[in-house]
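Asks: I have a structure I would like to understand better, so I am pasting it below and will then ask my questions one at a time.
The values are calculated or read from the model by the stated rules, or taken from the named source; none is laboratory data. If you're wondering where the values come from, they're calculated on a predicted model, not measured in any experiment. Heads up, the Cβs are rebuilt from the backbone with ideal geometry, glycines too, and the neighbour counts pull from every protein chain shown.
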Amino acid sequence: MSDKYGAFMGFGGAGEVWRCFYSLRLDTYGKGCGHDCAYCYAKSSLDFRRMWNPKDPASASWEAIQRKLDAAFDGQSRGKVAEALRRGVPVRLGSMSDPLQPKEVSLGMTYRLLKYLRGHGHPVLIMTKSALIGDDRYIDALDPKRTYVQMSFSTLHNGHARLIEPMASSPTERLAAMERVADAGIYVAARYCPYMPSHPDGYWTGNPIPFPHEPPQVLALSSPEDVWRLAEAGAGTVIAGFLRLSPWSAKWLKDALAIDIRKMFSGKFERGQLHYSAAEKRHYFEALKHVCDQAGIRFSVCYDSDDHYETFRDLWADHEDCCDGRMNVEGFDARIELPSA
Ligand code: SF4
């Protein structure tokens, strides 16, 4: 019997509250995610506190979710979350745990929530790695005009994905689901997060980190050419977010891929995570944007570090919205003032 999950709704913490345009998040599942990705940022922050159980994640109580939403919509509750809901600020699903992970098949918590939000005409952003979103039942639960689906990838290679995202739908299944969602008239983005670098930091920008005893490690997980397949599957926007490494995700990726990816990083730390240099990230982002331009789709960069938040704004299709929602989905321009972090 899994735990109940109490902290299912609120605004993102740290800098996210003012940087993320859709920081009102609701997680139907928590304290674990059945997809158990090796690079997962939520897992990195919860596993060492023994709060991560991928085999049996906690679920929020539907009654508690409904009570909280009813009270907000009826005007009975106060506070920023209630105010945001009344003003129509989009609800983002999938921040700390995938809303359509395997457990959803038996519990259907996210399905109930989607139907509820549709009934209230409330905009919703769904981030997932599950092909479940392409099932007729789920598509019928979505308001095509006020739903934004972001399908996540770190690679389009099914074999590699099996190693680092062992329980998620395969990339091929995700692409097929995206196509069904897009065919239903719902705006779809492909989140290429984390985008996996092919070479060590500095390799493309003329300042390579030293590799005294071994040749550069070349990964072939993510590629700008993947954009063509994402566009064919109906992505209107590709949103890239670069790999960042906590000590734990470095270990989990090494276990999965038998490569010490840490050695590819030049040593820039922020909030306990290793980052590539901004110049090197820009090389990858510009290559992705170039193919997006050729394919006639939009490109954006997901916030990935405090230092680099502004650095890539010039690459966003909408310079005022890195998620690229407000120009493409009804209701995604609703905002409320939040205190800065
Ligand atoms: S699907 Fe998302 S939340 Fe779930 S394990 Fe993977 S990265 Fe983490």
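Asks: Of everything in segment 54-71, what is part of a helix (DSSP H, G or I), surrounded by 14 or more Cβ atoms within 10 Å (Cβ to Cβ) and under 26 Å from the mean Cα position of the chain (by Cα)? Give them in sequence order. Even if it seems obvious, please write down each step before you answer.
Replies: Keep residues of segment 54-71 that are part of a helix (DSSP H, G or I), which gives 62-71.
Subsequent filtering for residues that are surrounded by 14 or more Cβ atoms within 10 Å (Cβ to Cβ) retains 62, 64-65, 68-69, 71.
The answer is TRP62, ALA64, ILE65, LYS68, LEU69.
Asks: A further question on this structure: For residues in segment 120-139 being within 24 Å of SER23 (Cβ to Cβ) and more than 20 Å from the chain's Cα centre (by Cα), which is nearest to the ligand (Cβ to nearest atom)?
Replies: Among residues in segment 120-139 that are within 24 Å of SER23 (Cβ to Cβ) and more than 20 Å from the chain's Cα centre (by Cα), the one nearest to the ligand (Cβ to nearest atom) is HIS122.
Asks: Output the residue which, of all residues in segment 303-334 that are farther than 16 Å from GLU286 by Cβ and among the hydroxyl-bearing types (Ser, Thr, Tyr), is surrounded by the fewest Cβ atoms within 10 Å (Cβ to Cβ).
Replies: Going through the qualifying residues, I end up with TYR309.
Asks: Which residue out of TRP204, TRP228 is among the aromatic types (Phe, Trp, Tyr) and at pLDDT below 95? First the steps, then the outcome.
Replies: Numbers: TRP228 fails: at pLDDT below 95.
Step by step, each of TRP204, TRP228 is checked, and only TRP204 is among the aromatic types (Phe, Trp, Tyr) and at pLDDT below 95.
Asks: Something else about it: Please determine, by comparing only the residues of segment 27-43 that are among the charged types (D, E, K, R) and outside any helix (DSSP H, G or I), which one is nearest to the ligand (Cβ to nearest atom).
Replies: ASP36
Asks: May I ask you to list the residues in segment 75-90 that are without any contact (Cβ under 8 Å) to a residue 60 or more places away in the chain and closer than 14 Å to GLY121 by Cα?
Replies: Within segment 75-90, just ARG86 meets the criteria.
Asks: Would you pick out the residues in segment 242-297 that are among the hydroxyl-bearing types (Ser, Thr, Tyr) and modelled with pLDDT of 90 or more?
Replies: SER246, SER249, TYR276, SER277, TYR284
Asks: Just wondering, is there one or more residues in segment 103-112 that are under 18 Å from ILE186 (Cα atoms), of a type in the set (Lys, Arg) and either within 16 Å of the ligand (Cβ to nearest atom) or modelled with pLDDT under 95 (or both)?
Replies: Within segment 103-112, not a single residue is under 18 Å from ILE186 (Cα atoms), of a type in the set (Lys, Arg) and either within 16 Å of the ligand (Cβ to nearest atom) or modelled with pLDDT under 95 (or both).
Asks: Residue pairs, Cβ under 6 Å, 6 or more apart or interchain, first in segment 111-132 and within 30 Å of LEU156 (Cβ to Cβ), second assigned to a strand (DSSP E or B) and within 16 Å of the ligand (Cβ to nearest atom). List them.
Replies: Here the result reads LEU125/ARG92; ILE126/LEU93; ILE126/VAL149; MET127/GLN150; LYS129/SER152, each pair linking segment 111-132 to a residue that is assigned to a strand (DSSP E or B) and within 16 Å of the ligand (Cβ to nearest atom).
Asks: Any residue in segment 153-160 that is among the hydroxyl-bearing types (Ser, Thr, Tyr), free of Cβ contacts under 8 Å to residues at least 60 places away in the same chain, within 16 Å of the ligand (Cβ to nearest atom) and outside any helix (DSSP H, G or I)?
Replies: For segment 153-160, residues among the hydroxyl-bearing types (Ser, Thr, Tyr), free of Cβ contacts under 8 Å to residues at least 60 places away in the same chain, within 16 Å of the ligand (Cβ to nearest atom) and outside any helix (DSSP H, G or I): absent.
Conditions tested, residue by residue: (1) in contact with a Cys (Cβ under 6 Å, 6 or more places away or on another chain); (2) buried (at least 17 other Cβ atoms within 10 Å of the Cβ).
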site: GLN76; (1), (2): no, no
site: GLY88; (1), (2): no, yes
site: MET96; (1), (2): no, yes
site: GLN101; (1), (2): yes, yes
site: SER106; (1), (2): no, no
site: TYR111; (1), (2): no, yes
site: HIS122; (1), (2): no, yes
site: LEU125; (1), (2): no, yes
site: LYS129; (1), (2): no, yes
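Asks: While we're on this one: For the structure I just gave you, tell me whether ALA161 is modelled with pLDDT of 95 or more, surrounded by fewer than 24 Cβ atoms within 10 Å (Cβ to Cβ) and among the aliphatic types (A, V, I, L, M). If you could, list the steps in order and put the result at the bottom.
Replies: Values: modelled with pLDDT of 95 or more: yes; surrounded by fewer than 24 Cβ atoms within 10 Å (Cβ to Cβ): yes; among the aliphatic types (A, V, I, L, M): yes.
Considered against the rule, which asks whether it is modelled with pLDDT of 95 or more, surrounded by fewer than 24 Cβ atoms within 10 Å (Cβ to Cβ) and among the aliphatic types (A, V, I, L, M), ALA161 comes out as yes.
Asks: Which condition number in (1) buried (at least 21 other Cβ atoms within 10 Å of the Cβ); (2) within 26 Å of TRP52 (Cβ to Cβ) is the one that LYS281 fails?
Replies: All conditions are met except number (2).
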